[in-house]
Amino acid sequence: MIRRIGKRTLQFAERPFLLSHAAAVGKKEGDGPLGAQFDFVTEDDRMGQKSWELAESELQKTAIDLAVKKAGLQKSDLDVILAGDLLNQCIGSFLASVGSDVPYLGQYGACSTMAQGLALGGCLVEGGAARRLLAAASSHFCSAERQYRFPLAYGGQRTPTAQWTATAAGAAVLSAADPRGGSSGIRVTHALFGRMVEMGVKDANNMGAAMAPAAYDTLSTLLSDLGAQPADFDCIVTGDLGHVGADILLTLLREDKIDLSPVYSDCGSLLFGDEQDAHAGGSGCGCSAAVLCGPLLRDMEGGRLRRLVFAGTGAMMSPTSVQQGQPIAGICHAVVIERSGA
Amino acid sequence: MKLDKQKYQQMLEQKSPNSPLWKDCLKAFLFGGAICTVGEGVSNFWQSRGLETADAAAATAITMVFLGALLTCLHLYEKLAKHAGAGTIVPITGFANAIVSPAMEFKSEGLVLGVGAKLFVIAGPVLVYGISASVLYGLALLLMGGGGAG
């Protein structure tokens, strides 16, 4: 049963199991500091496909297949797939699952898509609408560049606040019961659907700044709804504010006398090393999806993390809305994930 | 805390690092200057092969456009441009890059709706306003009684 607590937090009484997770990434991401902790690193960002869009869907499909396999399931065991990406009409995701024969719900939350899928998936499993489902998200640098910015071979310069769209995909299986028995494992305990917060940011090269106020809104609401302190969690991670947005978020919370810094990380800041020329850090649906479904959930399995807040942040914009002078709103969905038992 | 848009904009300016303007300008000057020096060398070469100054200028433009296109195809132009900025955009090699890069990128959508339709997606505004300006300039020159061979 889902219970609303405080202002907007949803509490899952049955705490759906996060049965398995998998992350597939591109070469640059594989060369980064987290490289060894992804399930699959491609040498060829084109994934042997004839277009970048197909390459992205292949990457997402790889993550989905791995997650299903790690759960010891077949795709036909899934009651629904919730998947999303950055491409127009979410073609990366539907192409990845078109042959799966599983009911499909396309998601769009920009870089918050993975968190949105997990939060919604938690509700569907908790409410009995699905026994097992899969949430996935992906992005690809090359398919995003051609849609949002310039051709790859065009000689342009990036600003220091610009983020680098990750070539990455993550997938996780949620289940009402753990077929392996027992009640221990990684479970989703709470979710919070964020509201759009728009603070007048119009610079598409500074999305961290556009998203930070939404992360502030969601995280402060979550903490207050739960009556919790940052120290009650092992890790509170946003995805993906980048260096600039992360700094702004910490400053905003500090004004409320909340010090997030001891437990705080950002997927965009974690994914690339300083020498990788990613400017303000990684972004894209796949960035937070892969960092969660790779390193973070591995840390939970290994017992290094026991209680995690995963707060996906998205910038609500399109090239058209930016060209028409519309401001960029931020959104942030959060899920609380816990490791119970031994 | 209630977020205030004006206050947030102030904070944003403080927290968002600006592009290093002087460094970018200096690099643009050096790279752009280097490209122009190469162009000068090419022009001298064509003149030494017996072309008149005007013909040598046309041959130089053709050569530089070719070099820009070649470096774009080899994915070297964008690596250069990352440092050079305006230094690689302003010379004619940058124009070649602006045409060739969409041609490469949108090949996957086909020759008509991909390459054909998107070829001028970056250079289009330059052509539209460049040609418009030249028409205005020509009209002004005509009305003011100037003219002659241009």
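The values are calculated or read from the model by the stated rules, or taken from the named source; none is laboratory data. Not measured: the values here are computed from a predicted model. No Cβ is skipped: glycine too gets one built from the backbone with ideal geometry, and neighbour counts run over all protein chains shown. Quick note on the areas: whole protein, heavy atoms, side chains included, nothing else; ligands and nucleic acids left out. Shrake-Rupley method; radii C 1.70, N 1.55, O 1.52, S 1.80 Å.
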>> 5 Å is the cut-off here: which amide hydrogens, built 1.01 Å from N in the peptide plane, fall below it relative to A:E198, excluding neighbours closer than 5 in sequence?
In response: A:G330
> Given the protein chains as shown and a 1.4 Å probe, how many square angstrom of A:H243 are accessible, to the nearest 10?
Replying inline: 80 Å²
> Going from the alpha-carbon gyration tensor of segment A:151-268, what semi-axes, largest first and in whole Å, does one get by taking the root of 5 times each eigenvalue?
Replying inline: 30, 22, 12
>> Let me check the size of segment A:222-336 from its C-alpha atoms; what are the radius of gyration and Dmax in Å?
In response: 15.0, 48
> Label-point separation (nm) for B:F29 and B:A140, each offset 7 Å from Cα along Cα-to-Cβ?
Replying inline: 2.9 nm
> What is the set of long-range amide H partners of A:S283 at a cut-off below 5 Å, with H atoms built 1.01 Å from backbone N?
Replying inline: A:W164, A:T165, A:A166
> Once you sort the root eigenvalues of the Cα gyration tensor of segment A:1-104 as a ≥ b ≥ c, which label holds: rounded (a/c under 1.5), prolate (a/b larger than b/c) or oblate (the other case)?
Replying inline: prolate
>> Using only the alpha carbons of chain A, what is the convex hull's orientation-averaged projected area in square nanometres?
In response: 15.8 nm²
> How much accessible area does A:W52 have with a 1.4 Å probe, in Å² rounded to the nearest 10?
Replying inline: 50 Å²
>> Checking the cross-link filter: which lysines have an alpha carbon closer than 22 Å to that of B:K107, excluding same-chain neighbours under 8 positions apart?
In response: A:K50, B:K79, B:K118
> Residues with amide H under 5 Å of A:Q107's amide H, sequence separation 5 or more or different chain, H placed in the peptide plane at 1.01 Å from N; which?
Replying inline: A:A83, A:G84, A:D85
> Which ³J(HN,Hα) values in Hz, rounded to whole numbers, follow from the phi angles of segment A:55-71 under the Karplus curve 6.51 cos²θ - 1.76 cosθ + 1.60, where θ = phi - 60° and Gly and Pro get x?
Replying inline: 4, 5, 5, 5, 5, 5, 5, 4, 5, 4, 4, 5, 5, 5, 5, 5, 7
> Once Rh is set to the Kirkwood radius over Cα pairs, what Stokes-Einstein translational diffusion coefficient, in µm²/s, holds for segment B:1-99 at a temperature of 20 °C and a viscosity of 1.002 mPa s?
Replying inline: 136 µm²/s
>> Within chain A, which is the longest segment that contains none of the trypsin sites (Lys or Arg not before Pro) sitting in a DSSP loop with at most 10 other Cβ atoms within 10 Å?
In response: A:51-256
>> Can you compute the FRET efficiency between A:Q147 and B:Q9 using 1/(1 + (r/R0)^6), with r the Cβ-Cβ distance and R0 = 22 Å? Round to the nearest 0.05.
In response: 0.20
>> Rounded to the nearest 10 Å², what accessible area does B:K5 have for a 1.4 Å probe in the complete protein model?
In response: 100 Å²
> So what's the gap between the Cα centers of segment B:1-61 and segment A:48-111, to the nearest angstrom?
Replying inline: 42 Å
>> If you take every residue apart from A:L241 with its C-beta less than 14 Å away from the C-beta of A:L241, what net charge results, scoring Lys and Arg +1 and Asp and Glu -1?
In response: -3
> When the scattering of segment A:78-211 is computed by the Debye formula from its Cα atoms alone, each counted once and equally, what is log10 I(q)/I(0) at q = 0.09, 0.11, 0.12 Å⁻¹?
Replying inline: -0.34, -0.49, -0.57
>> What are the ³J(HN,Hα) couplings of segment A:84-90, residue after residue, when phi is run through the Karplus curve with 6.51, -1.76, 1.60 and θ = phi - 60°? Round to Hz, x for glycine and proline.
In response: x, 7, 9, 6, 3, 6, 6
>> As a test of the formula, what do you get for chain A when each DSSP H run with n ≥ 4 contributes -39,500 (n - 2.57) and the sum is divided by the residue count, at 222 nm and rounded to the nearest 500 deg cm²/dmol?
In response: -9000 deg cm²/dmol
>> Quick check for you: with a 1.4 Å probe and neighbouring chains kept, what is the accessible area per residue of chain B, in Å²?
In response: 66 Å²
>> Give me the net charge for the shell around A:Q37: Cβ to Cβ below 9 angstrom, other residues only, Lys and Arg +1, Asp and Glu -1.
In response: -1
> Taking the Cα atoms of segment A:46-134 alone, what are Rg (to one decimal) and Dmax (as a whole number) in Å?
Replying inline: 12.9, 41
>> A 23 angstrom limit on the alpha carbon distance is what I want to check against. Which of A:K202/B:K5; A:K202/B:K15; A:K28/B:K15; A:K7/A:K257; A:K28/B:K82; A:K27/B:K23 exceed it?
In response: A:K28/B:K15; A:K27/B:K23
>> Tell me the Rg and the Dmax, in Å, that the Cα atoms of segment A:297-342 produce.
In response: 17.3, 54
> Which value results when the Cα radius of gyration for segment A:128-192 is divided by 2.2 N^0.38 Å?
Replying inline: 1.79
>> Through the Karplus equation 6.51 cos²θ - 1.76 cosθ + 1.60, θ set to phi - 60°, convert the phi angles of segment B:26-31 into ³J(HN,Hα) values in whole Hz; use x for Gly and Pro.
In response: 5, 5, 4, 4, 5, 5
